[in-house]
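None of the figures in this text is laboratory data; all of them are computed from the coordinates on show. Because the structure is a prediction, the values reported are computed rather than measured. Here Cβ is always computed from backbone atoms with ideal geometry, including for glycine, and neighbour counts include all displayed protein chains.
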Amino acid sequence: MGVVYPLFLSEMVSATKRIKILYTIPNFDSAGSGKALLHVAKRLNPDLFEVHIACFHDRGDFFKVVETSGIPIHIIPYTTTMKPYFKGLLGCYRISRRLKRIRPDIIHSFHYAADYSEPLAAKMAGIKWVFTKKNMNWGGSSKNAWHLRTRLASTIAVQNTDMMRQFFGGIKKTTLIPRGVDTRLFSPKAPNSDIRNKWRIADSDRVLMCVANLVPVKGIDVLLKAFAMSIEAYPSWKLLIVGEHNNDYGNEMLKLQSQLGLDESVIFCGRQRQIVDYLSIAEMVVMPTLDRGEGSPVSLLEAMATGKNVLASNVSGIRDQLVDYPEHLVEAGNSEALATAFHTNFELSRTEHLEKGEIFRKHVLKHYPIELEVERCEQLYLKLHERR
């Protein structure tokens, strides 16, 4: 998919210089947000944009991947504690001096938290500042900070329509930019025999998969209870949970697995780098997120892009992605409802699952390719750069 630029904007940029975009992110310790940033950053049109990245430190496995992209990386503390306020303002001023040395035209923050020191420092430096709202956190003790972050932003990239309505209703400086997925990498593939052998999954086994790092909002307890209600009637199905589980909640889920008698039918695979290989052995993918919701969950898009039948909670973020398929949405937190959905789908043949998966892949190709996310970001930068 090519990007079509308004002629006057393209001429304006080419007649002067490329627009320098500085992406900021706290770290690359976990690959989720880091991948989202890199997928966009490395695809921006190099004739129009010069891309840089800033983060707090150079630790984390994914940092090495980012280094190989060739994008310049700046290790700087681009946020500061704001209390006491005088000290916070002084810290913002110092950050603004560092930012001015990099001289970006636009800063695009991928920081997930309600920090307002970064946009304040950008404003002191006279740099336009954008942030992507990536989660459904807003109220509580961080409410005022979110409002300040919003007020200081030049533009806000919003990931789902519930965010737009609940958090930014009436605010004109918002742009809806859902996540996209690399549909060439995430495409239908033959089942990976090495993965099957590693986890002792027979050819006759049917595989349901959940891809999520284990934290309470992901609803893994709901998933295990629903699967326990279904497994007696459908013993050929195995549940694979792919994601980090070495934490308190993960340990609780391992105990719940045993309590529900699921030791032989549920496999906790831990964090895996080659998710596409794991998806290749699944017939179905489930996302049982609780009521707080998601931003724009890329793991669900990746599953659909690889041609998998999917079930997911009817919550923010997911609702947008499955708006045309309400029968694949399940009440969040309701094990009985999820078990009923399992029963309906476990009855389907492998061929029927493939047919449903083909429909979901076409949906992603039309609405959620990574190229469309990049195009929307580029248009945002061009319009923002035009404003003087």
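Given labels modelled 7 Å from the Cα in the Cβ direction, how far is it in nm from Phe86 to Trp199?
Going by the 7 Å Cα→Cβ label model, 5.8 nm.
Quick check: residue separation of Glu244 and Ile75 times 0.36 nm, minus the Cα distance between them. What number comes out in nm? Can you show the working numbers first?
Working: separation 169, 0.36 × 169 = 60.84 nm, distance 2.68 nm.
So the chain would gain 58.2 nm between Glu244 and Ile75.
Using all Cα-Cα distances in segment 193-367, what percent lands in each 10 angstrom bin from 0 up to the longest?
With a bin width of 10 Å, the distribution comes to 10, 42, 40, 8, 0.
In what sequence do Trp129, Trp146 fall when counting other Cβ within 10 Å, fewest first?
Ranking Trp129, Trp146 by Cβ neighbours within 10 Å, fewest first, gives Trp146, Trp129.
Let me know the charge dipole size of segment 18-99 about its Cα centre in debye, to the nearest 20, where only the beta-carbon of Lys, Arg (+1) and Asp, Glu (-1) is charged.
340 debye
With a point put 7 Å past each Cα toward its Cβ, work out how far Asp291 is from Asn192 in nm, to one decimal.
3.7 nm
Go ahead and run the numbers for FRET between Lys362 and Asp47, Cβ-Cβ distance against an R0 of 51 Å, rounding to 0.05.
It comes to 0.95.
Once you list every other residue whose beta carbon is under 12 Å from the beta carbon of Thr183, what net charge do they have if Lys and Arg are +1 and Asp and Glu are -1?
Net charge around Thr183: 0.
Exposure proxy check: Ser69, Ser299 ranked by fewest other beta carbons within 10 Å?
Final ranking by Cβ density, sparse to dense: Ser69, Ser299.
How far apart, in nm, are two points set 7 Å out from the Cα along the Cα-to-Cβ line at Arg98 and at Asn137?
2.1 nm
So how do Arg200, Arg43 line up by other beta-carbon neighbours within 10 Å, fewest first?
The most exposed by this proxy come first: Arg200, Arg43.
Would you mind pulling out the separation of the Cα centroids of segment 198-249 and segment 47-118, in Å?
Centre-to-centre (Cα) distance: 38 Å.
Please list, in chain and number order, the residues 5+ apart from Ile107 or on another chain whose amide H is under 5 Å from its amide H, with Hs placed from the backbone.
Sorted by chain and number, the residues that satisfy this are Leu22, Lys128, Trp129, Val130.
How large is log10 I(q)/I(0) at q = 0.14, 0.15, 0.27, 0.31 Å⁻¹ when the Debye formula is applied to the Cα atoms of segment 197-252, each weighted equally and without solvent?
Those come out to -0.43, -0.49, -1.13, -1.23, one per q.
Check which residues have an amide H placed less than 5 Å from Leu176's amide H, if you skip close sequence neighbours.
HN-HN under 5 Å from Leu176: Val158.
May I ask you to give the average projected area over all directions of the convex hull of the Cα atoms of the chain, in nm² rounded to one decimal? Display every interim value, and only then the final one.
On the way: hull surface 79.0 nm².
So the Cα hull casts an average projection of 19.8 nm².
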